[in-house]
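The next block holds one structure in the form of structure tokens; read it before the comments.
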Amino acid sequence: MTTAVAPILHVDDVTVRFGGVTAVSGVSLQVERGARWAVIGPNGAGKTTLFKTISGEVHPTTGRVHLFGADTSRSTPYKNAQSGLGRTYQVTELFQALTVEENLSIAAQARARSRFACWRPLRIKGWIDERITSVLDQLHLSAERHTVVSELSHGEQRQLEIALALATEPEILLLDEPAAGLSAAERRLMRDLVEGLSRDLTIVLIEHDMEIALELVDHVLVLDNGQVIAEGDPESIRADDRVQAVYLRSD
Amino acid sequence: MLRSLSLTARVKLGLAAAGIGLGVAAPYIFDRFVIGLISLALIAGLFAQSIDLLGGYAGLITLGHAGVSGTAAYGVGYMASKAGAGFTAQIAVGFLAGMTAALIFGVMAMRSDGVYFIMVTLAQGMIVWGLSIRLFRITGAENGLTGIPRPPAVELYWQYYYLTLVVVVLCWALLGIVVNSPFGTSLKGLRESETRMRMLGYNTTGQKLYVFLIAGFFATVSGILLVYLNGFISPSTVILAASAIGVLEAILGGIGTLVGPMIGAFIIVFVQNVVSIYVSRWPTLMGTLFIVVVLFARRGLVGAISDGWNKWLHRNDAPVSQEPVLTSSNRTAGP
Ligand SMILES: Nc1ncnc2c1ncn2[C@@H]1O[C@H](COP(=O)(O)OP(=O)(O)O)[C@@H](O)[C@H]1O
Ligand SMILES: [Mg+2]
């Protein structure tokens, strides 16, 4: 008998209703450790809502979510983050009045006991400094370390979105449209940055742009009106008539 | 050592030294009336700093903070005038009362934010005020509690002034450590985006309770200092206006700083007590001053001064605009 390793993320028949609106309808997926998934679909398909049920920001109306093998259907974002979930936002959600370094120091200490320390000054040194330096390097932001976030370009803010999540050293990372609002050149940079992330990190990516998404992942889930209309590897998704129809309709 | 500091740091250090020097020399320069006002302003400043820790740093604006400092003051007053206890017991009960109020209020408020946080704390302040009028046996209702003597070692006005100065400067230093600590930095994150803080792994509810307790500690200290300064306590110490004035002082001086609330407190205490002698419409004057600051110096007086200072520092820099320039120094190519 082989011991089956539990998937790092298991969404089991999840439905989310907001009043009369069914945002997510009977969605299931199983993400194995180290896998890279994309969730694609037109605007309003329910992609962000699916992310929120995984992170704990929204609780499923019916169905279950399991993270790291535990039932997290009723869990909260902070508990999920403490167990190793990272998530970025479609609409930039940064500490605008603080510097890049301050942003990252808050993120780096989020899972360390030192976050409670109020009796000594914050010193960026040792492991905190190493982690900030490494994340800045990965996201090509080293030159902006001491810049106040509100003075960064939109593209740099999108890079910092990911840097912030990475600084907590998550095991699974949910990226909600990392290329939202970027120019063609910036999108290519963003694609390369996501491509270059550690292979140990499990990634689920929401991307409206099908071409970018399909280049980055090995599994794709296509949502429309809250429902899964296709699932498979990038090749089969490209060839799928129903996916083509949905994208032709929305564009 | 001094030479390794920037000009700005040296000026700040100089001002701090001058401030402390003036503070020590004050009783030799000013009369009893002025020294009393300075004592009052120092205490009001500590109270406003503690409000600013919540409002300016953590983004949690409170309108009920006098409920915390006032409960501490009533604790001292009750033990002194009703229970006839010694000073150690008076101060211990004052601390216990203030911190209990902070704990209860913190638990009530920790799940809210923004306008709801203001409303919850407003209600808390009203409850304490209501109780101060109702609980006649404990609080003396409208008459308040009178005849609260100071400990013998600090009985004289100038002795009590020095005690106040030492305690306030010490608390100021402690607050300085708190706001620059890892926890203090995370408070700024809470102010900027609670959503993001939660998603990074911060229990923001716990964070709010924690900062409420720290702010409650400093409010408690200010309440205890105040009751011994005045020698009495009455419901007017815990009315809404007492909490609101603290917020105004912080905004006037500059929120998100520690020196700002102190400067704001000095201005308001002196306007209230000195200008009011000559100008009968002093509340109008104060209102006008406040509006001018809010309109023309969004970051308060400290913000305006620091902007002016930075402008002066960089007065000889090459003029910008006209041509497109690279703004970030690290993008400038070497020769
Ligand atoms: N908090 C909410 N309350 C009501 N309706 C919502 C809420 N969040 C999302 N929706 C609705 O759910 C649907 C899916 O939204 P969303 O998950 O944001 O889609 P996507 O990310 O794929 O563009 C939309 O019709 C949206 O209007
Ligand atoms: Mg979305």
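Couple of notes before you dig in:
- Here the contact order of chain B, divided by its residue count and restricted to Cα pairs under 8 Å and six or more residues apart, works out to 28 percent.
- Chain B: equivalent-ellipsoid semi-axes (sqrt of 5 x gyration tensor eigenvalues, Cα, Å): 37, 25, 19
- Listed residues A:ALA38, B:TYR202, A:VAL204: farthest to the positive end of the dipole of the protein assembly as shown (Cβ charges): B:TYR202
- Buried accessible area, chains B and A (both chains, 1.4 Å probe, Å² to nearest 100): 2600
- Note on chain B: with a GNM built from Cα contacts shorter than 10 Å, the maximum mean-square fluctuation among B:ILE263, B:ILE138, B:ILE104 falls on B:ILE104.
- Shielded by partner chains, segment A:102-121 residues - at least 40 Å² of accessible area, 1.4 Å probe, vs chain alone: A:ILE106, A:ARG115, A:CYS118
- Segment B:4-154, relative contact order [Cα under 8 Å, separation at least 6], %: 23
- Relative contact order (%) - segment B:153-302, alpha-carbon pairs under 8 angstrom, separation at least six: 16
- Nonlocal amide H pairs with A:VAL24, under 5 Å, H built at 1.01 Å: A:VAL16
- Surface composition of the protein assembly as shown: carbon and sulfur atoms hold 61% of the protein heavy-atom accessible area at a 1.4 Å probe.
- Most mobile listed residue (B:SER243, B:SER186, B:SER280) in chain B, GNM with C-alpha springs under 10 Å: B:SER280
- For segment B:160-252, applying the loop criterion from DSSP together with a ceiling of 14 other beta carbons within 10 Å to the trypsin sites (Lys or Arg not before Pro) yields no site.
- Karplus 3J(HN,Hα) series, Hz, for segment B:48-54 with 6.51 cos²θ - 1.76 cosθ + 1.60 (x for Gly, Pro): 5, 5, 5, 5, 5, 4, 6
- Solvent exposure of segment A:98-169 amounts to 43 Å² per residue of accessible area, where only protein heavy atoms count and the probe is 1.4 Å.
- Ranking A:PRO170, B:LEU63, B:SER6 by how far each Cα lies toward the positive end of the dipole of the protein assembly as shown (charges on Cβ) leaves B:LEU63 at the top.
- Between segment A:153-195 and segment B:174-228, the alpha-carbon center distance in angstrom: 31
- For segment B:173-215, fraction of C-alpha pairs farther apart than 17 Å, in %: 26
- Helix B:240-253 axis, angle to chain B major axis (alpha carbon atoms, nearest 10°): 20
- Over all other residues within a Cβ to Cβ distance under 12 Å of B:SER39, the charged ones net out to +2, with Lys and Arg as +1 and Asp and Glu as -1.
- Loop-resident GluC sites (Glu not before Pro) (DSSP state other than H, G, I, E or B) in segment A:179-251 with no more than 10 further Cβ atoms inside 10 Å of their Cβ are absent.
- Across segment A:130-251, counting alpha-carbon atoms alone, Rg and Dmax equal 16.0, 49 Å.
- Listed residues B:ILE268, B:TYR74, A:THR147: farthest to the positive end of the dipole of the protein assembly as shown (Cβ charges): B:TYR74
- Most mobile of B:TRP282, B:TRP172, B:TRP312 in a GNM of chain B (Cα contacts under 10 Å): B:TRP312
- The residues of segment B:31-311 present an accessible area of 42 Å² per residue when probed at 1.4 Å with all protein chains retained.
- A crude spin-label estimate for the pair B:ILE29 and B:ALA17, with each label 7 Å from Cα along the Cβ direction, gives 1.7 nm.
- For the protein assembly as shown, the spread of Cα positions along each principal axis, largest first, Å: 89, 67, 47
- Residue-level accessible surface for B:TRP129, protein heavy atoms, 1.4 Å, Å²: 100
- Shown for segment B:186-215: residues covered by the partner protein chains by 30 Å² or more of accessible area relative to the chain by itself (probe radius 1.4 Å), namely B:LYS188, B:GLU192, B:SER193, B:THR195, B:ARG196, B:ARG198, B:MET199, B:LEU200, B:GLY201, B:TYR202, B:ASN203, B:TYR210.
- Projected area, mean over directions - segment B:95-141, Cα convex hull, nm²: 3.4
- Residue-wise HN-Hα coupling along segment B:296-309, computed from phi with Karplus coefficients 6.51, -1.76, 1.60 (Hz; x: Gly, Pro): 9, 9, 4, 9, x, 4, 4, x, 5, 5, 5, 5, x, 4
- Estimated 222 nm signal from helices in the protein assembly as shown, with DSSP H stretches of n ≥ 4 weighted -39500 (n - 2.57), rounded to 500: -17000 deg cm²/dmol
- Segment A:98-169: projected area of the alpha-carbon convex hull, averaged over directions, in nm²: 4.6
- Along segment A:35-52 the Karplus relation, 6.51 cos²θ - 1.76 cosθ + 1.60 evaluated at θ = phi - 60°, assigns HN-Hα couplings of 6, 10, 10, 10, 10, 10, x, x, 4, x, 6, x, 5, 5, 4, 4, 4, 5 Hz to successive residues, with x for each Gly and Pro.
- Residues losing 50 Å² or more accessible surface upon assembly, segment A:74-89, compared with the chain by itself, 1.4 Å: A:TYR78, A:TYR89
The values are calculated or read from the model by the stated rules, or taken from the named source; none is laboratory data. Quick caveat: nothing in here was measured; it's all calculated off a predicted structure. Every residue, glycine among them, receives a Cβ derived from its backbone with ideal geometry; neighbour counts consider all protein chains shown. SASA here: full protein model, heavy atoms, side chains in, ligands and nucleic acids out. Shrake-Rupley method; radii C 1.70, N 1.55, O 1.52, S 1.80 Å.
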